[in-house]
Structure formats: structure tokens, C-alpha cells
């Protein structure tokens, strides 16, 4: 039996285990990336390992989230990242160079390689045939030190693409269609592999948009073959030597096959407040729009913004809205300027923002109260835009640009203009002047800058014999890491855990942090109870790190998403699932819970039982932990475990 493309890459990188779906494996990591919102803590954790230099093929620290440097904290973090990169042999991408995922695609990604990034949209690299996986910063720190990355051997879904995209549709519509099919829930443990004759009709940028937003599905990663389109793209970036052909064997087997006919695909749109709340644009056209924002790592590459400029050329945006455009990389911005497209965007009335994550993470351009914002970003969770009342819709650049002219959600096929043409350059402008390469010289004397906002990674104690405490919070389904650990301007506290911990669950219950802190000081162990798809969204390990700091010892939910579950384990918080989902209704906030002999239960791999002392009932629960993961929990987290076993 032949191998899938994903199986080929994983097999070539296996350190331990075999390709048996659901079983734990470990793989060698070739490349890592961090960004400034996650990189500071990841590098602090790398320092704690006591390793003299990174051991990957390459590791890159990008600055793309806090580029506005609101307060000294952001500037200090970036100077820390610059100096720690110099000392330990990492690349450093300065503010203004662009967004990590777009830049990594342009400058570093290689077909057939593995990439681990402390950002959930790291799977963007799958657009050129990488197994690129988002993870918490601690996992990335371990990989930078040469350690293997552990995951479950995946089930693989093949997405078979037929035909080619019709006018006014794009790669964004493909992934929105998939989100409607698969939703954001119940895809943990899967990887997506794209195939079929339709693949050849998609540019690398369209493929990267699709793999980028595979993160919203909850799958581990998504991968396209490396073909002549990939080769041409790498050659246009003057990296043709990196190309190798990669595809699945003709007789490869898959756990599921999904067919999508690109010819029949319509322009799609995700309504508030979830990326899987998807309908055809034609179903909701006519809704008035107050803001249009084109940017982010998803849809702000050169071909996307050229199409935007073609649509806007010679026209003016609607008088009742604002249009913001944020190119994904300096390369893109330079080429738009050189080729005359930037002036077309400006002439139409667009505001040009810096090359950064910006409005995607609520860093500026916050929509007005109750207004409708059409965005080409990847997430529209409630409040992520910077205000809980903003109505954010996810669309393609084509739909966004047309709405900027009409002032309302418009099916672009009804727009009285020629559809834009996909323009893929034969040669991209190469300028790495904002990229600092690792020095080959001795770096022992490099002094690392540490501002007053930068502290050491907090310490956790080994798991106690018994857990006894209070349900400090009970939440419903689809609680995201934005709910748990809000971003926006609070990102500047990422390296100051005592300060950042004051905001845990602030969008859900502003009193949570204070109550948790008081419970922790009294010696009680904190519990959190959740519904389906708890912890979906970004890779931010602070959604586990800060609750750990506040004394949380266990999270009990119907289901927990992959990256968040791994982060909970990494910081010594026990992730539990209801054996019977109906038992969710038998626990309430403020109930007193007890789990006896939990250390023995984990050591013997037995089923835990929670005693709800308030209701005088016993509730059996499950966990899905390997022997290694159980040992990590017992030691109080991955740092403790690694130091003990090194």
C-alpha cells in the first residue's frame, strides 16, 4: 500500500513510534519560528534549558504583532529578542519586515521539511509542501534545543480538488467551504492533504491561504503537494535550489475523502462570530458595511493586493466606510509601490497600514460600536477585533474590495466590472536588509537585554497526591484562547506573567483572576469546567501558563482542542474529559470537587473519578495521555520533566 504525502514527510522525520493513527509519535523538527507575542517567553524557556546554541537547521524570531510599540514593554521585548537571537544563533526579523508566516514562505520554507511555530497559523507553510505545525512556545523551545516534537500519529483527510476557480472566487472561498463542511469542532487528531487535478490551478499564495486557515478547523496541519507551481514560486523568490517534487503515491489510503469542485464554488462569507458560520455571499448581500480591512497572514500577499488594486482602479471607496490595507510583507509593499499598484489603492481612498498583524489581533483599527467590518483575516471571534460589539465577517480580497466600493455586502459576480486577473510575478524583489542572520563567530560575550517587564518563566510544583478545590469558572462551548487570555494591547505583558495573569478570563468573568488568586493563596486547587471545543483558536501558551500561575490544577471539558491541551500538559494542568457529556450538567460553578490519589491513578493509567462534594455525587472522567504526558503532569510540567530527564 502506498503512502500519502503527509506519511512520507512524517516517516522521513520519525524519531520514535510508528504511523498508527492515535498513537504517540515524535518527529525531528528542521525549522522553528516565533513571533514577538510568543517569542519572548519561548526564548526565556529556551534559556532555562541551558543549551549554548539552537540545534535546528534554522530558527527565526519575527517581530510582527506589537510593532506599534505601545509602551516600553513592547520595545524591551523586541530588544530582548534581538540580543537573544544574536547569542543563540537565531535569525531575527525586525519590525516592518512583515508577518512571520508570509515571510517564512518567501524566505525560508522548504518542501518536505518540518516547521514548528509558536503561532497557530504556522501551517501556512503547508502551501509549499511542508509539515508545518503550530504549538506552544515551550514545545518550540524544546525543538530549538534539538528535542523531538511529540504528537499523535494523525488520521488523514484527503481534499480532492477538481476543476479550476471561476471568476471572482479564490483560495479563501475553498477554505471557507471546508469550514462549512468540517466546522471548527471534532477535527482534533486529523491532518488535511490536498490532491486532485484542481491543485495545479492554484497559486502558492492561494494554497497558503487554505493551509493557513486549516488552523480554524482544529486539524494539526494541512499540506499541498510540491509541484511545478511550487518550483516556479521558489524560483521567483531566488530559492529554486530548495525545491523537490513531493506527492502522494497513487494507491495511498485515507481516512476520509472530501470532493470539492472548484468550478462550482461561489464567493463565500463567514458571519459573526465563528469562522465556520459560513454561507454564500449571495445569501446575505445588501448588509451595510462601515469598515473594510484587507490584510493579515491570510490574504495580504502580492497577488491578492494586485487583484484589490485592479478592482479599485479609477474608483473611489464608498463615502460611508473606511478601507484599511495592510500588506503582509515588506517585499509585497515594495513591489506594489514599484509596479504602481500602491498609488491605485491610495487614490481609491485606502489607508495603508504597516506590514504587521495589526487589526487581525485587535491592535488598532477597532470598528465602531455595533458596526459591520468585512475582513480578509482568519478569525472573527467575538471581541477579537478590539470591541465585543463589532460584527466581523470573513471574506476574500475580491469580496472585500467590491464592498469597499458599494458600501454593502455584495456578490462580486453582480458587480459591473471585469473580474480581476491573478498576477503571479516571474521574479520577486529580494531585500533582506531587515533580517539579521546568525553570526558564525563566538557569541559568549553577547549581552542579552532584559527590561523590567521581562521575568523568568514561573515555576510549578509536582502534582499533589489529591486535588481538592473549587470550580472557579464554568463556561460553555467554543471557548477560545482569546476568551481565556485576551490579546490586543495586553500583549505587552506576555513576558510579565504576574501582571498578565490579572486578565485571565477577563472577557468572560472579570472577577476570575482575583477569585483564583485568593483560592490559590488559601491552598485550594482550582478547577475550570468547559463545554465542546474548549481552547480553540491561537497557540498562545499563556492561556495555560497564566491559569497555572493562578493555581489551576485541572480543566474538565467535553472536548479540548489539540494545541491548548498540549499547553495544559506542558504547564502541569491536567486535561480531563467527561466520560458522559451529560455529566457536564452535574457540575456547577463554586462546587467543591475532590480527586483522590490522582498521582497513583496517573501512574497506573486508571480512570479518575471526581467527587462533587457539594452535590454528593461521583463523576467518572477520562484523559487521553501517553505515558510520557502523564509523567510530565506528575512532574508539574515539561520544563521540570526535561530538567529531570536531561
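Below, the figures for the structure above:
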read-out: Odd one out for residue 85 among (1) buried (at least 24 other Cβ atoms within 10 Å of the Cβ); (2) closer than 29 Å to residue 536 by Cβ; (3) in contact (Cβ under 8 Å) with a residue 60 or more places away in the chain; value: (2)
read-out: Criterion violated by residue 174 - all others in (1) under 26 Å from residue 65 (Cα atoms); (2) in contact with a strand residue (DSSP E or B) (Cβ under 7 Å, 6 or more places away or on another chain); (3) in a helix (DSSP H, G or I) satisfied; value: (1)
read-out: Cross-chain or 6+ apart pairs with Cβ under 6 Å, the range 295-323 first and not assigned by TED's automatic domain parsing to the domain that holds residue 364 and surrounded by fewer than 24 Cβ atoms within 10 Å (Cβ to Cβ), then at pLDDT below 95 and not in a loop (DSSP other than H, G, I, E, B); value: none
read-out: Count of residues meeting criterion [under 19 Å from the mean Cα position of the chain (by Cα), part of a strand (DSSP E or B) and at pLDDT 95 or above] in the range 509-559; value: 1
read-out: Matching residues in the range 147-169 - criterion: being crowded, with 19+ Cβ neighbours inside 10 Å and touching a helix residue (DSSP H, G or I) at 6+ places or on another chain (Cβ under 6 Å); value: 149, 156, 161, 165, 168
read-out: Identity of the residue in the range 367-397, closer than 25 Å to residue 301 by Cβ and modelled with pLDDT under 90, that ends up surrounded by the most Cβ atoms within 10 Å (Cβ to Cβ); value: 385
read-out: Enumerated helices (runs of 4 or more DSSP H) restricted to the range 208-311, each holding at least 1 residues that are in contact with a strand residue (DSSP E or B) (Cβ under 7 Å, 6 or more places away or on another chain); value: 214-217, 281-284
read-out: Yes/no for residue 580 being assigned by TED's automatic domain parsing to the domain that holds residue 511, surrounded by fewer than 24 Cβ atoms within 10 Å (Cβ to Cβ), within 31 Å of the chain's Cα centre (by Cα) and over 30 Å from residue 141 (Cβ atoms); value: yes
read-out: Residues of the range 47-70 satisfying the condition of being touching a helix residue (DSSP H, G or I) at 6+ places or on another chain (Cβ under 9 Å) and farther than 19 Å from residue 363 by Cβ; value: 47, 48, 49, 50, 51, 52, 53, 54, 55, 56, 59, 60
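Here's the yes/no breakdown for (1) in contact with a strand residue (DSSP E or B) (Cβ under 6 Å, 6 or more places away or on another chain); (2) under 25 Å from residue 186 (Cβ atoms); (3) assigned to a strand (DSSP E or B); (4) in the same structural domain as residue 149 (by TED's automatic domain parsing):
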{"site": "575", "(1), (2), (3), (4)": "yes, yes, yes, no"}
{"site": "585", "(1), (2), (3), (4)": "no, yes, no, no"}
{"site": "606", "(1), (2), (3), (4)": "no, no, no, no"}
{"site": "615", "(1), (2), (3), (4)": "no, no, no, no"}
{"site": "618", "(1), (2), (3), (4)": "yes, no, yes, no"}
{"site": "625", "(1), (2), (3), (4)": "no, yes, no, no"}
{"site": "639", "(1), (2), (3), (4)": "no, no, no, no"}
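The values are calculated or read from the model by the stated rules, or taken from the named source; none is laboratory data. Note that this is a predicted model, so its numbers are computed, not measured. All Cβ positions, even for glycine, are placed from backbone atoms using ideal geometry, and neighbour counts span all protein chains on display.
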